[in-house]
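*Asks:* Here it is, the structure in full.
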Protein chains: 2
Amino acid sequence: MSKFNFDNLWSEKSTDAQRIITDHAKYDFAVAYPPFEGVPLDGLIDGLRTKVDADSQKVAIEMAYYPHVQGDESLREFTSKKLLDDRGIKCDKESLVLCNGSGEAIGLLIQALIDPDDYVITEQFVYMGTTKQLTYFNANIVGSPTDEKGLIPEKLEETILDIKNKHGVNPKMLYTIPESQNPTGSTLPKQRRIEIIEICKKYGIPILEDDCYVDNRFAGEPEPAFASLDDSGMVIYVGSFSKLIAPGLRMGYFTASEEVIDRALSVKIGSGPNQFTSYAIDGFLRSNLESHRNEYNRLLKGKKESMEKGLIEAFSNTKVKWSSPEGGCYTWLEMTDGTNLSEIRDEVFTRGVGYISGDNFAPNGDGQNMARLCFAFETVEKNYEGIKEFASILKDLKAI
Amino acid sequence: MSKFNFDNLWSEKSTDAQRIITDHAKYDFAVAYPPFEGVPLDGLIDGLRTKVDADSQKVAIEMAYYPHVQGDESLREFTSKKLLDDRGIKCDKESLVLCNGSGEAIGLLIQALIDPDDYVITEQFVYMGTTKQLTYFNANIVGSPTDEKGLIPEKLEETILDIKNKHGVNPKMLYTIPESQNPTGSTLPKQRRIEIIEICKKYGIPILEDDCYVDNRFAGEPEPAFASLDDSGMVIYVGSFSKLIAPGLRMGYFTASEEVIDRALSVKIGSGPNQFTSYAIDGFLRSNLESHRNEYNRLLKGKKESMEKGLIEAFSNTKVKWSSPEGGCYTWLEMTDGTNLSEIRDEVFTRGVGYISGDNFAPNGDGQNMARLCFAFETVEKNYEGIKEFASILKDLKAI
């Protein structure tokens, strides 16, 4: 039978790009994965068992339904209580929307607020998942200058004015990860948050706060959430269970004012999120949130310290700098100007060490002398060994 | 603090439509839910346990990853074997894509192939989830005439020619549910499938085969899948675990030629489907597919028969007709011309009986004298009682 010809049938927005299948280096610091040793498999199964044993008929009926568009009521209730306890955010189950990962939440919010050619401001270096989505929906992304503490309020106002002057439009949104930022690991101080809210309010720009690393704090205290510092409705708050439990659960959420939720759901196609997984998370976290989080962060702390030990031993007598975050999954590495970590990435990968060079996180493509190193996934031993190996490869390639 | 003003910030495609929250009638025949009594809660938990016990470190590592864009490898392997065994479809794990329900699969395929204003042909009455998605992406939907066996090949060719003549374009796709169709319950005979493939090939129109009810057969044998009758690549095959296990799992899939898969994945935003749920399904079905399916269909058969008993007792001396399907979840009710089941729907709902009137399934809005009754969800007793109650309400409203 001859092959059917699809040539003139593809939609304009589809492409014939090859599927991206992630390949892993021996020492994989390129990933964005939490500690696999802490994934509570037994706890999740027990969580399911608890829910089923409590009322198996109710669970069976709910499983036979197509899920509520906002997701499981009990998990929404639990999550809203968690947001109040942990972040001082007042929301109830009606103003919470569970999604297939925070990625779906961010996608819905982008689609609710961004038209093609609109301007969105982010940190100078920012999570690629969000910039990919913004690019897919044809937004213009402008990174605003940051320092080791994150966004700089005065520079943010300059960025806003610059967009207004150059392009004659007001930016439509500020997207930020204020806690243990991806990729830099920075945490934004309270005072800056207050100033940023004032600036954004002045120009009528809503803030999309992505707080997906707040549970991963292994030192110090988190700063207050943007969403707790404002009650005008300008802050849209996104969270996730990916970094608290596991990405394989695909469960995140957002909370916002009613009108924002309605708009976001108006662009959602398909039904609510995974009911089965909601039971496991709800059943597990209701009894184990504190103990699990403590254990997870103990693991993270050990991993961060072992990577740092490697960094100190390998790079102390060089001009290489790195961030030392108190939470999250990443260390941000900065080499001298002119070093091109982007160019040598494939070679270093082949020799056994994976990382993502800084330019991948920068809307303007800067940062080729920088890299994100994930310390959260590999074991303590591999974090240490891998960094030593990394330094030795860099030396070999005459990059340091 | 004054309220932040979003008025000029919404995207063009968002709307301020209110969220649709499904409300349930006492006798809820409006739903599209499988038998809740058959949801294998213990089996799914045991399935998870089996996977974890077999290799807990592998599972923990995979859970800490963001899932493969095509979904869990083992479940893809199992599903491709199932498709060969049950449907004679040759595919391997590389050509199978797991999705958040078949709805996501259909959405990706629509986006890969359909531009705004393109024409898509469906059955005369067809699944609302698909027509909603087609409408969201601004496709023109044309229903092609059907009889009690489904699409009529000669009429399909007329529909194609009609679109070509009237609009000067070739339809871009045929979407069909050939087994135990939603909403009518019809199953398309093999000979018609062969003829439809020939017609679609003649005009260069790919077929999107939605086979989501094939596992729910409680009498007779399924007809061969379109995808097994063609090897040109023109058939894209979509399946689901929603009606084999439960919708709350949000797990469906599609298989197609490599170029179609690449195009569909090129419009996918966000990562692969739920890894946790994949383990439960894979672990459960590898040991229990046959026994579970038999039990599920035994339940379905009992439910279908009890609803039919009610229909026979209540409507035998009237002009009301109904379909008697050998599988799936629905009976299609047809009242005399002039009876408006759409108009009285709210009143009947308030009095305790839910259904969906036919016009909701018709791209041209016909079918107000028809209705879809789901026999799969309510108990055997409620199916019988509810139909008697339905007849009594209709009598009271002078609709029969």
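The values are calculated or read from the model by the stated rules, or taken from the named source; none is laboratory data. Predicted, not measured: the structure shown is a model, and the values here were computed from it. Cβ placement follows ideal geometry from the backbone for every residue including glycine, while neighbour counts extend to all protein chains displayed. Ligands, DNA and RNA are excluded from the accessible area calculation, which covers all protein heavy atoms including side chains. Shrake-Rupley method; radii C 1.70, N 1.55, O 1.52, S 1.80 Å.
*Asks:* So which residues in the stretch A:305-341 are among the charged types (D, E, K, R), part of a loop (DSSP other than H, G, I, E, B) and in contact with a strand residue (DSSP E or B) (Cβ under 8 Å, 6 or more places away or on another chain)? Steps first, please.
*Replies:* The initial filter retains those residues of the stretch A:305-341 that are among the charged types (D, E, K, R), namely A:305, A:308-309, A:313, A:319, A:321, A:326, A:334, A:337.
Then keep just the ones that are part of a loop (DSSP other than H, G, I, E, B); that gives A:319, A:326, A:337.
Residue satisfying the conditions is A:E326 alone.
*Asks:* Give the residue that is farthest from the chain's Cα centre (by Cα), with candidates limited to residues of the stretch A:350-386 that are β-branched (V, I, T) and crowded, with 20+ Cβ neighbours inside 10 Å.
*Replies:* Start the filter on the stretch A:350-386 by keeping residues that are β-branched (V, I, T), which leaves A:350, A:353, A:356, A:379-380.
After this cut, where a residue has to be crowded, with 20+ Cβ neighbours inside 10 Å as well, the list is A:353, A:356.
Working: A:V353: 22, A:I356: 15 Å.
Per the criteria, the residue is A:V353.
*Asks:* Yes or no: B:I207 under 18 Å from A:I269 (Cα atoms) and among the β-branched types (V, I, T)?
*Replies:* Values: under 18 Å from A:I269 (Cα atoms): no; among the β-branched types (V, I, T): yes.
The answer is no for B:I207.
*Asks:* Also, I was wondering about something else. If a residue must be surrounded by 21 or more Cβ atoms within 10 Å (Cβ to Cβ) and in contact with an Asp or Glu (Cβ under 7 Å, 6 or more places away or on another chain), how many such residues does the stretch A:52-75 contain?
*Replies:* Count: 2.
*Asks:* Name the residues in the stretch B:263-272 that are more than 7 Å from chain A (Cβ to nearest Cβ) and open to solvent by less than 10 Å² (accessible area, probe 1.4 Å), would you? Write out each step before concluding.
*Replies:* Quick first cut of the stretch B:263-272, residues more than 7 Å from chain A (Cβ to nearest Cβ) only: B:264, B:268, B:272.
Of everything in the stretch B:263-272, those that are more than 7 Å from chain A (Cβ to nearest Cβ) and open to solvent by less than 10 Å² (accessible area, probe 1.4 Å) turn out to be B:A264, B:G272.
*Asks:* Is it true that B:E195 is more than 14 Å from every other protein chain (Cβ to nearest Cβ) and in contact (Cβ under 8 Å) with a residue 40 or more places away in the chain? Let's see the steps before the verdict.
*Replies:* Details: more than 14 Å from every other protein chain (Cβ to nearest Cβ): yes; in contact (Cβ under 8 Å) with a residue 40 or more places away in the chain: yes.
Judged against the criteria, B:E195 is a match.
*Asks:* Can you report the number of residues in the stretch B:293-321 which are within 20 Å of the chain's Cα centre (by Cα) and either under 27 Å from B:K395 (Cα atoms) or not hydroxyl-bearing (S, T, Y) (or both)? Full working, then the answer.
*Replies:* Within the stretch B:293-321, the subset within 20 Å of the chain's Cα centre (by Cα) is B:293, B:296-297, B:299-301, B:303-304.
Add one more test, that the residue is either under 27 Å from B:K395 (Cα atoms) or not hydroxyl-bearing (S, T, Y) (or both), and what stays is B:293, B:297, B:299-301, B:303-304.
The total comes to 7.
*Asks:* Sticking with this structure for a sec: Quick one: A:K303 ticks every box in (1) open to solvent by less than 40 Å² (accessible area, probe 1.4 Å); (2) over 20 Å from B:A60 (Cβ atoms); (3) touching a Ser or Thr at 6+ places or on another chain (Cβ under 8 Å) except a single one, so which number is it?
*Replies:* (2)
*Asks:* Another one. Hey, could you check the stretch B:193-224 for residues that are within 10 Å of B:P178 (Cα to Cα) and over 15 Å from the mean Cα position of the chain (by Cα) and say which is surrounded by the fewest Cβ atoms within 10 Å (Cβ to Cβ)?
*Replies:* So the residue we want is B:P224.
*Asks:* Further question on the same structure: Taking into account only those residues within the stretch A:231-259 that are facing chain B (nearest Cβ under 7 Å) and touching a helix residue (DSSP H, G or I) at 6+ places or on another chain (Cβ under 8 Å), which is surrounded by the fewest Cβ atoms within 10 Å (Cβ to Cβ)? Give the derivation first.
*Replies:* At the first step, the residues of the stretch A:231-259 found to be facing chain B (nearest Cβ under 7 Å) are A:231-234, A:246-250, A:259.
Right, trim to touching a helix residue (DSSP H, G or I) at 6+ places or on another chain (Cβ under 8 Å) and you get A:232-234, A:246-250.
Details: A:S232: 14, A:G233: 19, A:M234: 24, A:A246: 28, A:P247: 27, A:G248: 29, A:L249: 27, A:R250: 30.
That would be A:S232.
*Asks:* Further question: Just give me the residues in the stretch B:32-50 being in a helix (DSSP H, G or I), in contact (Cβ under 8 Å) with a residue 40 or more places away in the chain and at the interface with chain A (Cβ under 9 Å from one of its Cβ atoms), in sequence order. Full working, then the answer.
*Replies:* Looking only at the stretch B:32-50, we keep the residues that are in a helix (DSSP H, G or I), and these are B:36-38, B:41-50.
Going one step further and asking which of them are in contact (Cβ under 8 Å) with a residue 40 or more places away in the chain, we end up with B:36-38, B:43-50.
If the condition is that a residue be in a helix (DSSP H, G or I), in contact (Cβ under 8 Å) with a residue 40 or more places away in the chain and at the interface with chain A (Cβ under 9 Å from one of its Cβ atoms), then B:F36, B:E37, B:G38, B:L44, B:I45, B:L48, B:R49 are the ones that fit.
*Asks:* Could you tell me which numbered condition B:E221 fails, if it satisfies all but one of (1) in a loop (DSSP other than H, G, I, E, B); (2) within 12 Å of another protein chain (Cβ to nearest Cβ)?
*Replies:* Of the numbered conditions (1) in a loop (DSSP other than H, G, I, E, B); (2) within 12 Å of another protein chain (Cβ to nearest Cβ), the odd one out for B:E221 is (2).
*Asks:* Residues B:E334, B:E389: which one is open to solvent by 40 Å² or more (accessible area, probe 1.4 Å), under 26 Å from B:G220 (Cβ atoms), in contact with a Phe, Trp or Tyr (Cβ under 9 Å, 6 or more places away or on another chain) and not assigned by TED's automatic domain parsing to the domain that holds B:N140?
*Replies:* Numbers: B:E389 fails: under 26 Å from B:G220 (Cβ atoms).
Checking each option against the conditions leaves just B:E334.
*Asks:* Limited to the stretch A:252-280, what total is found for residues that are among the aliphatic types (A, V, I, L, M), outside any loop (DSSP other than H, G, I, E, B) and out of contact with any Gly (no Cβ under 7 Å at 6 or more places or on another chain)? Steps first, answer last, please.
*Replies:* Restricting attention to the stretch A:252-280, the residues satisfying the condition of being among the aliphatic types (A, V, I, L, M) are A:256, A:260-261, A:264-265, A:267, A:269, A:280.
Pick out the ones that are also outside any loop (DSSP other than H, G, I, E, B) and you get A:260-261, A:264-265, A:280.
Of the ones still in play, those that are also out of contact with any Gly (no Cβ under 7 Å at 6 or more places or on another chain) are A:260-261, A:264-265.
Within the stretch A:252-280, residues that are among the aliphatic types (A, V, I, L, M), outside any loop (DSSP other than H, G, I, E, B) and out of contact with any Gly (no Cβ under 7 Å at 6 or more places or on another chain) number 4.
*Asks:* Among the numbered criteria (1) over 30 Å from A:V348 (Cβ atoms); (2) more than 7 Å from chain B (Cβ to nearest Cβ); (3) in a loop (DSSP other than H, G, I, E, B); (4) under 27 Å from the mean Cα position of the chain (by Cα), which single criterion is violated by A:T22?
*Replies:* (1)
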